[in-house]
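In what follows, a structure is listed as structure tokens, so that the remarks can point back to it.
We did not get these values from a lab; they are worked out from the coordinates using the rules stated. For clarity, every value in this text was computed on a predicted model and none was experimentally measured. Please note: Cβ atoms are built from the backbone with ideal geometry, for glycine as well, and neighbour counts cover all protein chains shown.
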Amino acid sequence: MKAKLLISSLLLGTAILAIAKGDPVLMTINGKDIKLSEFEYLYHKNNQQQIEKETLEQYVERFVLYKQKVADAEAAGIDTTELFRKEFEGYQKDLAAPYMVADTTYQWQMITEAYDRYKKEVDIDHFMLPLGGTPEETQVNLARMDSIRNCVLAGESWEELVAKYSSDPSKPRNKGHYGYVSSGMFPYSFENVLYNTPIGGVSEAFKTPYGVHMLRVNNVRDRNDVHAKHILKLFPKDATEEQKAECKVKIDSIYALLQAGANFEELAKTESQDGSARNGGELGWFGRGRMVQPFEDVAFDLADGTISEPFATKFGYHIIKKVAHGVAPLSEMRANIENAISRDERAGLIRDRRIADMKDKYNFRLNPSFESFLTKALADNGNSYDSTFVAQNLKNSTMPLFTYGDKQSALVGTLATMLNSKAHFATVDDAKRYVMSGVDALADKVLSDYHSRELVKSNPEYRNLINEYRDGMMLFEISNRRVWKAANKDTVGLEQYFAQHRDKYTWDEPHFKGIILSAKNDSVLDLVKADVMKLGRDTLTDALHNKYGTDIRMERMVVKKGENVLADYLAFNMGDKPERKGYNSFMILEGGVLAQPEEMADVRGAVTSDYQDVLEQRWKEELAKKYPAKINKKVLKQVK
């Protein structure tokens, strides 16, 4: 029953079977119709990505093979596995996001609001009381803050009231005065009050997750950041005056080049000893209090587009190029703003707006009997929320929780999956509020899935995109099973293929094949050499590993000159003794230089690649027989 009520979002893959007017069937493979729009979408996308354009006939042949492989993946049940379902649902959620119009509109409002606020800095005084351990305690402290506010409005000293009553841990240092602050420094609920209180005004009492607050706004000013680049010549550690003088000579010579017209960014790349050198000395935008003195003062005092004379800080000598002042453009700040929004309470506001919009769009209706059901169920459980209540009263219930869309519904039992059965609440009202929050979480999931399914029916662009992702995931997994992983696992097949085509696998130059042993020092290596004379070859490596542990390291390899420094030195007599941190003594444990490969393992990579081609061809022939394509030639002529 539940399966019928909560249709999985994975049905997106089959929803394209719905007939769309003006979108004829181009071909049928394994009983599945493929529409002209899907073919054209992939055909044009392919042509945009190809250097050499394919003809229509060539692409049709490749497209048919692609769909035959997808049909084979479906026959193998790949799309029914839990791993596939979870991964696909993640892609589906991401791909559907741009089509949530109200969601993206509201998010853009949040972005522009944050940017507009960032342009202004506000001088504030702050008063704080504890939040309280319960909603009742919070209300008491809000009322207490109201009383303190009345004292402020009556003319009592803010500083004296802060000293007596504020719980702000910073008050001994700032006496309640925060100075100039800006957007992004505080929780969004705090920021809203900050930017909506007029100059000279005292805010109403308000709460955040951190406490109960009151603000007084003293002034507002335009933000004035600096965008700059610099070149740095570092002082050596514990530099002497002589070393500092040498550093000054170097920076002066760079400054002379700049005065003569040299490119600042290129000189920064070659001469600066700061991490910004690789980006031409780029420091980006920064405000007051971010840079060491006198760097900050020099940067802010310069005119836009000018270069400073060399000057010293505790780090070394600098030259600054001031690019601009004011505020960074939104295009540069947007990524950081979006990241901040995703991590604070605004993300919840966007989610709530999305849920509200979808509830309205899809005619969401909460079962009016649910709240009385919830009240009675809690009462029957001794007005207690616990795992028994969730398991017996919610999980087993078949009552409809809400309806939506075209006669769709979700059951109360499904709500249990959104709740923490081990949660504890001080009052029955707290428990009710928690359960109702779960209703919203379930509505978000169910309506988002429903929205995606509706998009598949109504939006060809989204339908083709989601189907491309689904088919691509299935194609990768079935190809891995039938070709890539299959070839690697089929040792018998690889050996047979190598034996049949041995003349194909030759080397243009000799290779070292064997094991090189590295030891931590010569003493360990001498002991190993003595043991090698005593031990049998069949158990040699295991015996050495068991005896010497991490004092030695053994590397099995098949390499030509230039591919391994140890083999170059020991087997090919090339170069000086390599420096190997921790393992500076080494020897050839077994093996030597070969002119040509001895066995399949010596050229396994090349053999595997060729054998994969064989498996691919066999699979292609099998697919053509199992899933013949029926192509409508008349519709094919309509391809644009």
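A few remarks follow.
- For Lys175, a cut-off of 13 angstrom between C-alpha atoms picks up these aspartates and glutamates, skipping any fewer than 8 places away in its own chain: Asp125, Glu159, Glu160.
- For Val226, the shell of other residues with beta-carbons less than 12 Å away shows a net charge of +1, using +1 for Lys and Arg and -1 for Asp and Glu.
- Only helices enter this figure: runs of n ≥ 4 DSSP H residues, each worth -39500 (n - 2.57), summed and divided by the residues of the chain, yield -15500 deg cm²/dmol at 222 nm to the nearest 500.
- Förster-model FRET efficiency, 41 Å R0, Asp352 and Asp304, C-beta, rounded to 0.05: 0.45
- Averaging Cα coordinates gives a centre for region 324-360 and one for region 453-511; these two points are 40 Å apart.
- Axial C-alpha extent at least 18 Å, average Kyte-Doolittle at least 0.0 - helices from the chain (DSSP): 522-534
- Inter-part distance where region 192-240 and region 149-181 are each reduced to a Cα centre, Å: 18
- Here the label points at Lys633 and Asp576, each 7 Å from Cα along the C-beta direction, are separated by 7.5 nm in the simple model.
- The lysines whose alpha-carbon is closer than 29 Å to the alpha-carbon of Lys547, local same-chain residues fewer than 8 away aside, are Lys513, Lys520, Lys529, Lys534, Lys577, Lys581.
- Exceeding the 26 Å Cα-Cα cut-off - candidates Lys119/Lys233; Lys35/Lys407; Lys250/Lys314: Lys119/Lys233; Lys35/Lys407
- Candidate aspartates and glutamates - alpha carbon under 12 Å from Lys93, same-chain residues fewer than 8 apart omitted: Asp444, Asp449
- Computed packing ranks the peptides 459-469, 234-244, 610-620 as 459-469, 610-620, 234-244, most packed first, by mean other Cβ atoms within 10 Å.
- Charge tally in the Cβ shell below 9 Å around Met473, where Lys, Arg are +1 and Asp, Glu are -1, Met473 excluded: -3
- Furthest towards positive pole of dipole, Pro294, Phe39, Met128, structure part the chain, Cβ charges: Phe39
- For region 50-102, GluC sites (Glu not before Pro) are listed when DSSP marks them as loop and at most 15 other Cβ atoms sit within 10 Å of their Cβ; the list is Glu52, Glu54.
- Rough spin-label spacing in nm, given labels placed 7 Å along Cα→Cβ, for Glu461 and Asp613: 4.2
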